[in-house]
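Here is the structure we will look at, set down as structure tokens.
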Amino acid sequence: MTFYVDVICSSRSKDRLDRLSRLNMVVLEVAERYERAALFGELHLLKDLKDKPDDEAVRSALLWAYNGGLVQNEVGRRRYNELLSRAPDGRCPFCGHRDVDTLDHQLPKASYPLLAVVPDNLVPACSVCNHRKNDMVATSTSTQTLHPYFEHADRGRWLFARVVSLDPVAFAFFAEPDPTFSATMQARIRHQFTQFHLATLYGTQASRQVNGEREWLIKLRQHGGPDALREHLRDAASSWAATSVNCWQRAMYEALADNPGYLADSAIRTAGEVT
Ligand SMILES: [Zn+2]
């Protein structure tokens, strides 16, 4: 288990190194159990690993393995950066928007020291989502945060928006998972949407975006009418959908294209424009 050895070998304390070396096989077995549980969305069932091992000195050594061996050590830091780079496009898998800048413990290291340096338990995230997730431990399947390495909510549609105000343009984002998702998966997607405050994040971003495009959307409608504007918005939605079926940009452009008031009305009228 090269990862674990790489992380613990920088220990300057012989006692700590001995303690951690003796755990090598245990950590390996736990990592295998973790992988199996994650594959079936059953991490909440690993309760017997909570607060283990019993010996506080060993738990403390495991926490050092993360902070001292992985985060603050040169060799460990290379491993840390390799894990960070697992996020596609450097984007946080929890919010799907902000840049990753930290590693999140899918099961918190404070409660699960044996998983403190298990690579599958270390997920790239943005600091905000990392903070929102905090040390919370799910007690049921439906409140378990989706594991980005094992569970993919992007295999179906779940993010939508509607226009709730035309002047200024504002959106309400909501999670409506496709019925092809299992009931449990639907519940978890909804939970995650709330847990990471995605309605607020996306609503703010979308208002900002559409305000920035206001001038040229006005011109587009002036020259081509509502139909041309609708076509452009649908093309933009389709283009964004190719990057991620559930990105907020897609939901935003679709909401605008589907809103007759926005397409035809004075919402994007300039002061001098005749309607
Ligand atoms: Zn995030």
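The values are calculated or read from the model by the stated rules, or taken from the named source; none is laboratory data. Computed from a predicted model, the values in this text were never measured in an experiment. Don't worry about glycine lacking a Cβ; one is built from the backbone with ideal geometry, like all the others, and counts go over all protein chains shown.
Here's a check for you: in the range 28-54, which residue that is touching a helix residue (DSSP H, G or I) at 6+ places or on another chain (Cβ under 9 Å) and of a type in the set (Lys, Arg) is nearest to residue 142 (Cα to Cα)?
For the range 28-54, the residue satisfying everything is 33.
If we keep just the residues of the range 67-107 that are small (Gly, Ala, Ser) and farther than 12 Å from residue 123 by Cβ, which is nearest to the ligand (Cβ to nearest atom)? Among those residues, the one meeting the criterion is 96. Among the numbered conditions (1) more than 12 Å from the chain's Cα centre (by Cα); (2) in contact (Cβ under 8 Å) with a residue 60 or more places away in the chain, the only one that residue 95 does not meet is (1). Within the range 48-66, the set of residues being assigned to a helix (DSSP H, G or I) and over 23 Å from residue 126 (Cα atoms) comprises 48, 49, 56, 57, 58, 59, 60, 61, 62. Report yes if some residue within the range 108-122 is within 16 Å of the ligand (Cβ to nearest atom), crowded, with 21+ Cβ neighbours inside 10 Å, in contact (Cβ under 8 Å) with a residue 24 or more places away in the chain and part of a strand (DSSP E or B); otherwise report no. The answer is yes, given that some residue of the range 108-122 is within 16 Å of the ligand (Cβ to nearest atom), crowded, with 21+ Cβ neighbours inside 10 Å, in contact (Cβ under 8 Å) with a residue 24 or more places away in the chain and part of a strand (DSSP E or B).
Filter the range 129-147 down to the residues that are assigned to a helix (DSSP H, G or I) and either in contact with a Phe, Trp or Tyr (Cβ under 8 Å, 6 or more places away or on another chain) or more than 18 Å from residue 99 (Cα to Cα) (or both) and list them by number.
Of everything in the range 129-147, those that are assigned to a helix (DSSP H, G or I) and either in contact with a Phe, Trp or Tyr (Cβ under 8 Å, 6 or more places away or on another chain) or more than 18 Å from residue 99 (Cα to Cα) (or both) turn out to be 129, 132, 133, 141, 142, 143.
Selection within the range 155-204: residues that are within 16 Å of the chain's Cα centre (by Cα) and among the basic types (Lys, Arg). The member of this set that is surrounded by the most Cβ atoms within 10 Å (Cβ to Cβ) is 188. Of all residues in the range 126-147, those satisfying the criterion of being of a type outside the set (A, V, I, L, M, F, W, C), within 16 Å of the ligand (Cβ to nearest atom) and touching a residue at least 60 places away in the same chain (Cβ under 8 Å) are 132, 133, 147. Among the residues making up the range 18-47, those that are more than 30 Å from the chain's Cα centre (by Cα) and either buried (at least 16 other Cβ atoms within 10 Å of the Cβ) or not in a helix (DSSP H, G or I) (or both) are 19, 20, 23. Does any residue in the range 209-222 that is assigned by TED's automatic domain parsing to the domain that holds residue 240 come within less than 7 Å, Cβ to Cβ, of a residue that is at pLDDT below 90 and surrounded by 14 or more Cβ atoms within 10 Å (Cβ to Cβ) six or more places away or on a different chain, and which pairs are these? So the pair list comes out as 214/268; 217/268; 218/268; 221/268. The number of residues in the range 148-196 being in a loop (DSSP other than H, G, I, E, B) and without any contact (Cβ under 8 Å) to a residue 12 or more places away in the chain comes to 3.
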